[in-house]
Structures are given as C-alpha cells and as structure tokens.
1. So which trypsin sites (Lys or Arg not before Pro) in the range 115-144 pass both tests, a DSSP loop state and at most 16 other Cβ atoms within 10 Å of the Cβ?
2. Could you list which residues have their amide H under 5 Å from that of Phe185, counting only those 5 or more apart in sequence or on another chain, with H placed in the peptide plane?
3. Given a cut-off of under 8 Å on Cα pairs at least six residues apart, what relative contact order in percent is computed for the range 67-184?
4. Helix-derived [θ] at 222 nm for the chain: sum -39500 (n - 2.57) over DSSP H runs of at least 4, divide by residue count, nearest 500?
5. Let me understand the chain better: what is its radius of gyration from the alpha carbons, and its Dmax, in angstrom?
6. Under the Kirkwood approximation for Rh and a Cα-based Rg, what ratio Rg/Rh is obtained for the range 128-210?
7. Just the ratio, please: alpha-carbon radius of gyration of the range 83-184 over 2.2 N^0.38 Å, N its number of residues.
8. On the protein heavy atoms, probe 1.4 angstrom, tell me the percent of accessible surface of the range 8-218 carried by carbon and sulfur.
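The values are calculated or read from the model by the stated rules, or taken from the named source; none is laboratory data. Just so it is clear, the model here is predicted, and its values are computed rather than measured. Backbone-built Cβ (ideal geometry, glycine too); neighbour counts: all protein chains shown. Heads up: the accessible areas ignore ligands, DNA and RNA and are worked out on the full protein's heavy atoms, side chains in. Shrake-Rupley method; radii C 1.70, N 1.55, O 1.52, S 1.80 Å.
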Amino acid sequence: MKKNTLTNLAIIMDGNGRWAKERGLARTKGHEKGAEVIREITEYCSNHPTIKTVTLYAFSTENWKRPKMEVDFLMKLLEKYLKKELKTYHKFGVKFETIGDLSKFSPKLQKQINATKEETKNYTKLTQILALNYGARDEITRAVKKLLEQNREINQDNISKALDTPYTDIDLLIRTSGEQRLSNFLLWQTSYSELFFTPTLWPDFTSSELEEIIEKYHMVDRKFGGL
Ligand code: IPE
Ligand code: IPE
Ligand code: MG
C-alpha cells in the first residue's frame with residue numbers, strides 16, 4: 001500500500017491547565033511548559049522530509065472568556081515566546097505566520113508579530129502558523145465578507161483563497177489532552193483530515209509521540225469519498 005504523504009499538520013495544544021493542576025502548580029506554569037514544547041515540535045517538523053506547514057492552536061476567539069489574569073499572562077507569554085523563538089526560526093529555517101484576527105491584540109504585540117513575520121519570510125524549510133485569536137467561524141465569515149466587498153463570486157475555490165491560511169487542506173490534525181472536539185479550529189480546512197486524539201497533556205507531548213502518530217497516519221486508507 002502506498003503511504004500517505006504528510007504536508008500540512010495541525011495541532012490543538014490542549015491540557016496545559018490540567019498538567020499544572022496535577023502538579024499542584026498555577027495554570028500559568030502549564031502554559032510556560034507548553035510553550036517550550038512548541039520548540040521541540042517545530043524542530044522535528046523542520047527536519048521532517050515532507051511536512052511543509054504546522055498550524056498550532058494557541059489562542060481561540062473563545063479564550064477571551066477566561067479570567068483576565070490568565071488572558072494577560074498568555075499575552076505576556078506570547079511576547080516572551082516570540083522574542084525567544086526568533087533564534088529557533090533562524091536556526092531551523094522556519095517561516096513564522098499567523099491565522100486569526102490580530103486586531104484585538106495590543107498595538108505593541110501586533111508590531112512584534114508582524115516584525116517576526118517580516119524577519120522570517122524568506123525561510124522555506126517549514127512554515128509555523130500560530131492560530132491567534134482564531135476561530136474558524138470568524139475566519140470563514142471574514143473570508144465571505146471580503147469576497148462580497150470585492151464583488152467576487154462565492155464559490156469553494158474563492159472562499160478557500162480568501163481564508164487566513166496560505167494553504168488549503170490539513171492532512172493530519174492532532175488534539176492532545178483526551179478531548180475529542182474541534183473547538184472552532186480550522187473547520188473548512190479539516191473536511192478530509194485524519195483526526196488523532198491522544199490523552200497526553202500538551203506539556204508532556206514529545207516529538208517521539210508525534211512520530212508514532214505520523215506512522216499511523218501513513219497507513220490510513222484515505223479515500224476522499226472514492227473507492
Ligand atoms: C491549552 O490548554 C492552552 C490554551 C487554550 C491557551 P488549556 O489552558 O486549555 O488547558 P486545560 O484544558 O484547562 O487543561
Ligand atoms: C482550544 O482549547 C483552544 C486552544 C488550544 C488554543 P480550549 O481548552 O480552549 O477548548 P475547550 O474549551 O476545551 O473546547
Ligand atoms: Mg483546554
């Protein structure tokens with residue numbers, strides 16, 4: 001049997017809070033550890049022969065509902081993360097991109113996000129796409145609005161191209177922490193994705209577990225409605 005190629009990977013990085021709670025720590029400690037795991041996974045993906053994009057769900061349009069203290073912490077963490085990870089992007093040849101509506105973030109953070117994109121835009125080994133203030137319904141709605149404003153035809157191809165994502169379909173979607181739902185992530189792009197759910201909490205996730213999941217993905221019979 002021919003193995004499935006993996007080009008576009010997406011991960012719902014869930015379970016930071018529970019990881020911290022299990023250790024009697026504040027939830028914020030789980031987010032800190034979770035941010036470190038992103039580096040290992042990004043390095044793995046950048047060395048993988050076929051993965052071209054890895055899209056990571058970092059902050060949803062619904063996550064603003066969390067206590068202000070946690071939201072504020074996550075914003076600060078994102079700032080620190082971008083500052084620290086610029087080295088990683090340079091080292092591994094990773095282009096940094098985002099999806100989601102950035103207009104809700106502080107002007108300072110928006111500036112930093114855009115500067116990071118600008119600095120890494122010529123890298124081609126891997127594109128890391130952070131989903132920030134991202135919600136699939138919001139993305140699809142914005143895409144359709146954009147087409148209407150430009151007087152363009154509403155068809156699948158045009159909608160796909162008007163989305164935030166600079167690519168089309170996700171091959172493999174992984175969610176950590178045992179929850180089996182999409183939580184408003186990439187609803188359009190995952191129509192035919194293979195879905196894998198692992199009980200591992202995100203801060204405990206490793207590149208070797210990712211490799212095991214990819215091995216399973218390779219063997220799935222992807223039919224896309226055919227025979
Ligand atoms: C995922 O971990 C990170 C974000 C949503 C920012 P959670 O914070 O959702 O962790 P749990 O689900 O409460 O364990
Ligand atoms: C989804 O996780 C969002 C991110 C991982 C950023 P949540 O923890 O917010 O999702 P629900 O609330 O359990 O569905
Ligand atoms: Mg969660």
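1. On the way: sites: Lys117, Lys121, Lys125, Arg137, Arg142; in loops: Lys121, Lys125.
Those satisfying the criteria are Lys121, Lys125.
2. Residues meeting the amide H criterion: Ala136.
3. Values: 100 pairs, mean separation 27.5, N = 118.
Relative contact order for the range 67-184 comes out at 23 percent.
4. Values: 7 runs with 101 residues, N = 227.
Counting only the DSSP helices, I get -14500 deg cm²/dmol.
5. Over the chain's Cα set, Rg and Dmax evaluate to 17.4, 55 Å.
6. Values: Rg = 15.1 Å, Rh = 14.3 Å.
Rg/Rh for the range 128-210 comes to 1.05.
7. Working: Rg = 15.5 Å, N = 102, 2.2 N^0.38 = 12.8 Å.
Normalised Rg, Cα atoms only: 1.22.
8. On the way: 5420 of 10550 Å².
Its accessible area is 51 percent carbon and sulfur atoms.
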